[in-house]
1. How far apart are the residue A:78 label points across copies, placing each 7 Å from Cα toward Cβ, in nm, shortest first?
2. Apply the Karplus curve 6.51 cos²θ - 1.76 cosθ + 1.60, θ = phi - 60°, to the phi angles in the stretch A:63-78 and return the couplings in whole Hz, x for Gly and Pro.
3. In percent, how large is the relative contact order of chain B, given Cα pairs closer than 8 Å and 6 or more residues apart?
4. Could you size up the charge dipole of the protein assembly as shown around its Cα centre, putting +1 on the beta carbon of Lys and Arg and -1 on that of Asp and Glu, and report it in debye to the nearest 20?
5. Among the listed pairs A:10/B:86; B:86/C:86; B:86/B:127; A:23/A:86; B:7/B:127; B:10/B:86, give every one whose C-alpha distance is greater than 22 Å.
6. How much net charge surrounds residue B:106 when only the other residues with a Cβ under 12 Å from the Cβ of residue B:106 are counted, with Lys and Arg +1 and Asp and Glu -1?
7. Going toward the positive end of the dipole of the stretch B:2-130, with +1 on Lys and Arg Cβ and -1 on Asp and Glu Cβ, which of B:89, B:44, B:125 do you reach last?
8. Can you compute the helix-only [θ] at 222 nm over the protein assembly as shown? Use -39500 (n - 2.57) per DSSP H run of at least 4 residues, normalise by all residues, nearest 500 deg cm²/dmol.
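Each value in this text was obtained by applying a stated rule to the coordinates, not by laboratory testing. This structure is a prediction, so every number in the text was calculated from the model and none was measured. Positions of Cβ are backbone-derived with ideal geometry, glycine not excepted, and every protein chain shown enters the neighbour counts.
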Amino acid sequence: MMKLTVKTQKREELCDITSEVQKVVDGSGMSDGICYVYIPHTTAAVAVQEGDDSAVGRDIMAHLRRLFPRDAQYEHNDGNMDAHLKAILVGNAATVLIDKGKLCLGTWQSVFLCEFDGPRTREVWVKVRAG
Amino acid sequence: MMKLTVKTQKREELCDITSEVQKVVDGSGMSDGICYVYIPHTTAAVAVQEGDDSAVGRDIMAHLRRLFPRDAQYEHNDGNMDAHLKAILVGNAATVLIDKGKLCLGTWQSVFLCEFDGPRTREVWVKVRAG
Amino acid sequence: MMKLTVKTQKREELCDITSEVQKVVDGSGMSDGICYVYIPHTTAAVAVQEGDDSAVGRDIMAHLRRLFPRDAQYEHNDGNMDAHLKAILVGNAATVLIDKGKLCLGTWQSVFLCEFDGPRTREVWVKVRAG
C-alpha cells in the first residue's frame with residue numbers, strides 16, 4: 001500500500017489526484033489489475049467524476065452545501081458535521097480497473113479527493129493488485 | 001475486462017443489468033471470486049437495489065430530482081449538472097461477490113445502471129477475478 | 001465468504017461492526033490483502049465513518065430523515081421508501097485494506113452497518129482476499 005499526501009487549499013474543494021494515483025500504478029509495474037483508492041478520513045471522500053470543467057466541482061460543493069448547511073442544528077459540536085454528512089454520501093473508497101498499466105477511466109473521468117473540511121493535509125491510501 | 005453496451009430509453013431510469021453481468025461471470029467460467037462493475041460515465045451510476053417493485057426506481061428518480069432540480073442555478077452550463085450530482089452520490093462502481101459461479105445478491109437485490117442524463121448508449125465495464 | 005448476523009435495535013441507527021469484521025480477518029489468518037463488506041439488503045447500507053462520537057451517527061440519521069421523510073409521497077407502498085433512498089446513497093458495499101492482519105482504518109474510522117428500516121436481523125457478508 002502506498003500513502004499519498006495531499007495538501008488541500010480551501011474548506012471545500014475537489015482535488016484532482018489522477019496523476020498521483022497513476023504514478024503509484026506506474027511504480028508497481030503492474031499491467032493488468034485493480035487499483036483501490038481509500039481515504040482514511042471522515043470529513044473527506046473520493047469520487048470519480050468529470051475532470052474537464054472545473055465548474056462541476058464548484059457546483060457539487062455548492063449544492064451539497066445547500067442540502068447540509070454548516071450552521072444547521074447538529075448534536076456533534078466540532079463545527080464540521082456538514083462535512084461528515086457529505087463524506088458518508090460520496091464515500092471513502094474508489095475502485096478503478098487497470099489495463100496495460102493505465103487507470104481505465106472514461107473520457108471525462110478523473111479521480112478526486114473531495115475535501116469537505118479543509119484546508120488540511122490529507123492522506124490517500126492506494127493499493128494495486130494484479131490479475 | 002468485458003465492455004457491455006446498454007441503450008437507455010429515458011432521461012432518467014434504473015436499468016436492470018443483472019442478467020448481462022451474470023453472463024460475463026458465466027463466460028469467465030469462474031466459480032468463486034469478485035465481480036467489479038464500473039461505469040465510465042459522469043452522468044450515470046451503478047447501484048445494487050431492489051429489483052422486485054419497479055416503483056422503487058421511479059421513487060428514487062423522483063426524489064433525487066426533488067433534491068437536485070435540473071433547472072436549479074448551476075455554473076456548469078451543459079444542462080446536466082443535476083445528473084453529475086446524482087451520479088457522484090450514487091457512485092460509479094459496484095462490487096458483488098461470486099459464489100459457485102453466481103453473483104451473490106440478496107433476495108431483493110438487482111444490479112442497476114442508473115441513467116441520469118439519457119437516453120444514451122452507455123458502457124458498463126465488468127471485471128471478474130478469482131479467489 | 002463469512003456471513004455475520006447483526007440484530008439492530010431501532011428503525012434507524014448506525015451499528016459499529018468493526019470488531020466483528022476484524023474477527024473474520026483474524027479467522028482467515030491473512031496478513032496482507034483486501035476486506036470486502038457487503039450488505040445483501042436494500043434498506044440498509046454500510047459506511048466507514050467516525051466511530052468516536054456517537055452524535056455523528058444520530059446527526060446522520062436526523063439529516064437524512066430531513067431529506068427523505070418517511071411520510072413523503074412515494075409510489076412504493078411498503079412504508080419504507082425513505083430507507084431505500086438512504087441506502088442507495090450511502091451504498092451497500094465497503095472495501096477496507098488489510099495490513100499485518102489488521103483492517104487499515106483511519107484514526108477516527110469505524111465500519112458501520114447503517115440500519116434504515118429496523119429493528120431487524122441483518123446479514124453482513126465479509127470476504128477477505130490475500131495479496
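1. The answer, with the shortest distance listed first, is 3.5, 3.5 nm.
2. For the stretch A:63-78, the Karplus-derived couplings read 7, 5, 5, 4, 6, 10, x, 4, 9, 5, 7, 10, 7, 5, 10, 8 Hz, x marking Gly and Pro.
3. Reported relative contact order: 55 percent.
4. Dipole size: approximately 680 debye.
5. Cα-Cα > 22 Å for A:10/B:86; B:86/B:127; A:23/A:86; rest within.
6. On the way: positive: C:3, C:122; negative: B:50, B:52, C:123.
Taking every Cβ under 12 Å from that of residue B:106, the sum is -1.
7. It is B:125, whose Cα lies furthest towards the positive end.
8. Taking each H run of at least 4 residues, the total per residue is -8000 deg cm²/dmol.
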